[in-house]
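First up is the structure itself, then whatever we jot down about it.
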Amino acid sequence: MSSINDFPARGKVIRVEGDAVIFAPSNTTYQLKLSAPGFNGPVKALLEGFIRAKARKMWTVASGGNFVTPIQGPTRIVQGRIKYLDNQLMVVQAGAPIVVQLPTDDSAYDLNNGALTVGSLVNATLMPGATFQLAVVGAAVT
């Protein structure tokens, strides 16, 4: 049975800015500013970690690509295919896998294009404060 731990984001922390990191997921031009208080992992080295965010509003969409908005800065919107889903969390493949905490309020869902299911295309507007956490503290991926 899969879990969110099966879907780390791979890339490089290109710099640390106070309690935040600028994370560049592999095979993208993204530079995501993510909260990471006390980050003490490698900088400019390939690593795996988890990008976590809390959804404000969710939509199922009929078509479109996988993306994170904005390309640089704090993450505000993700769209992509659901890779993992349970009652509280989902992993959205949006250029990089993003662990999204689902909203608790039913009015936060607009499911005009079907239910949330693994493989469905979803768009999520996020609350401020997406975070980054190393998958394995102190270990770089080779």
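The values are calculated or read from the model by the stated rules, or taken from the named source; none is laboratory data. Note that the coordinates shown come from a computational prediction; the quantities given were computed from them, not determined experimentally. All Cβ positions, glycine included, derive from the backbone under ideal geometry; neighbour counts span all protein chains shown. When the accessible area is computed, the model is the full protein with side chains, heavy atoms only, and any ligands, DNA or RNA have been set aside. Shrake-Rupley method; radii C 1.70, N 1.55, O 1.52, S 1.80 Å.
Quick notes on this structure:
- Probe 1.4 Å - accessible area at Ile77, Å² to nearest ten: 50 Å²
- The structure shown yields Rg/Rh (Cα atoms, Kirkwood Rh), and of the options [x] 1.06; [y] 0.96; [z] 1.09 that calculated value carries the label [y].
- In sequence order, calculated HN-Hα J values of region 54-59 (Karplus, 6.51, -1.76, 1.60; Hz; x Gly/Pro): 10, 7, 8, 8, 10, 10
- Each Cα pair under 8 Å and six or more residues apart adds its sequence gap; the mean of these over the residue count of the chain is a relative contact order of 31 percent.
- Summing charges over all other residues whose Cβ lies under 15 Å from the Cβ of Arg56, with Lys and Arg as +1 and Asp and Glu as -1, gives +1.
- Residue-count net charge about Thr69 - beta-carbon cut-off 15 Å; Lys, Arg +1, Asp, Glu -1: +4
- Average accessible surface area per residue within the chain, 1.4 Å rolling probe, Å²: 52 Å²
- Accessible carbon and sulfur surface of region 11-118 relative to its total accessible area, %, 1.4 Å: 47 percent
- Each Cα pair under 8 Å and six or more residues apart adds its separation to the average, and for region 1-64 the resulting relative contact order is 32 percent.
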